[in-house]
Structure formats: C-alpha cells, structure tokens
Amino acid sequence: MDDKELKGAQWMGKETIGSMVAEPGQPLAGKVTGNNWTMIKNALEGGIIEGTEMPNILGKKSTWLYTAARK
C-alpha cells in the first residue's frame, strides 16, 4: 500500500462493503454510492469481465484477452 496515495486503505469483504451503501440523501463520507456498490458487486461475482485464452502461434506461453461479459 502506498500510504501517500491511499492512506488507510484496507481489504474488505463483500458484506462489509454492502453495509456501507449510503441511503438516498445521506452524506457519502465513509459510504459507498448505490451505483458503485452495483459495480463492485458485479466485479466480485464475476459478472463484468470474461477472459479468453489466446494460444501463441510461436509456441510460447498463451496470453489472455479480457472483454466485457456478454448479457
């Protein structure tokens, strides 16, 4: 952690972040907006990004192509 950039950064579980969602009109200090919570939850549940293995034609290690998930 770079304490100059992210002072006080910490790992949190999904339940902890979910409990920090601000109600409409509530101050956002120490809270998460509903839209940000939706984005975080989708990322944690694997609903945003898909990975596809791309073989290397030169026989070297494969690479991965990451794209937005299909609906």
| query | Looking at Gly51, Gly46, Gly34, which one is surrounded by fewer than 13 Cβ atoms within 10 Å (Cβ to Cβ) and more than 25 Å from Tyr66 (Cβ to Cβ)? | reply | Gly34
| task | Please go through region 21-71 and pick out each residue that is touching a Gly at 6+ places or on another chain (Cβ under 7 Å), modelled with pLDDT under 85 and not in a strand (DSSP E or B). | result | Ala69
| query | Can you find even one residue in region 4-19 that is at pLDDT 90 or above, exposed (fewer than 10 other Cβ atoms within 10 Å of the Cβ) and more than 18 Å from Ala68 (Cβ to Cβ)? | reply | yes
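The values are calculated or read from the model by the stated rules, or taken from the named source; none is laboratory data. All values derive from a computational prediction rather than experimental measurement. Note: ideal-geometry Cβ built from the backbone for every residue, glycine included; neighbour counts use all protein chains shown.
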